[in-house]
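Working notes, beginning with the structure itself.
Read-outs throughout are calculated quantities, based only on the coordinates presented, and are distinct from any laboratory measurement. Here the structure is a predicted model, which is why all the values come from computation and not from measurement. For neighbour counting, all protein chains shown are included, and Cβ atoms are generated from backbone atoms with ideal geometry for every residue, glycine included.
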Amino acid sequence: MKATEILMEEHRVIERVLTALERAATRLSNGQEVYLRFFTGTTVFIKNFADGCHHQKEEGILFPAMIENGLSKDTGPIAVMLAEHEEGRRLTQKMRQALERLQATDHASRSELVQNALSYVKLLRQHIYKEDNILFPMADKVIPIDQQQQILDAFMLVERDETGESVHEKYLGLAERLEQECLR
C-alpha cells in the first residue's frame, strides 16, 4: 500500500463526516432541532482526525518529500493545499465560536454556525477532490519508490507515537456516531 492510498482512505472517512455535517447544518438552517453536541463532536473530529492526524501526515511528511523531489512549497499545488488547510482551520474555529455562543443561548449565532459549517463542507470536498485527483498522483510520480516506503513507515510512526495507536479506531467510531446522530 502507498502512503497516498492511506490518505485517500482517510478522505473517505472525512467525507462521511462532511455529509453528516452538511445534513445537520441544513436541518439547523431549516429550523429543525439538532443536538448541539453533534457540532461539538464534529469539531473534535475535525481538529483531532482531519487536521491532527491526516493533515499532520500531509504537512509533516508527504509535502516535504514532494518539495524535496522538485515541487515548490510557495506556488502550485502544495501552496494551494497548505492555504486550504489554513482556511479549514479558520472555518473550524469560527464554527466552534458560533457553537459556544449558541450554547450560551445567543440564537443569532445559529446562522453563523450553519454558514461556517457549510463553507467548511464545500471547501473540504473540493480540497479532497484536488488531492485525490491531482496532488496524490503527482506525489506517486515524483517520489521515488524507496522514498515512498520511507513515507509509509513515517506515517505508521505518526500514528503510533504522536497521535496514539488507537486513534484511527477512536475516530472511525466517532465518524459512525456522527453519521447516526445527524439522522435523528
Legend entry - Helical contribution to [θ] at 222 nm, DSSP H n ≥ 4, -39,500 (n - 2.57), averaged over the chain, rounded to 500: -23000 deg cm²/dmol
Legend entry - the stretch 1-145: relative contact order in percent, alpha carbon pairs under 8 Å with at least 6 residues between: 35
Inset, instruction - Sort the following peptides by mean Cβ neighbour count (other Cβ atoms within 10 Å, averaged over residues), highest first: 11-21, 126-136. - result: 11-21, 126-136
Inset, instruction - In a Gaussian network model over the chain where Cα atoms closer than 10 Å are linked, find which of LEU99, LEU91, LEU157 has the largest mean-square fluctuation. - result: LEU157
Inset, instruction - Check every DSSP H run in the chain and write down those whose alpha carbon atoms cover 20 angstrom or more along the long axis and whose mean Kyte-Doolittle hydropathy is -0.5 or greater. - result: 3-29, 109-130
Inset, instruction - Please build a GNM for the chain, connecting alpha carbons under 10 Å apart, and tell me which residue among SER109, SER166, SER119 fluctuates the most. - result: SER166
Legend entry - Where only alpha carbons of the stretch 52-154 are counted, the Rg and the Dmax (Å): 17.1, 55
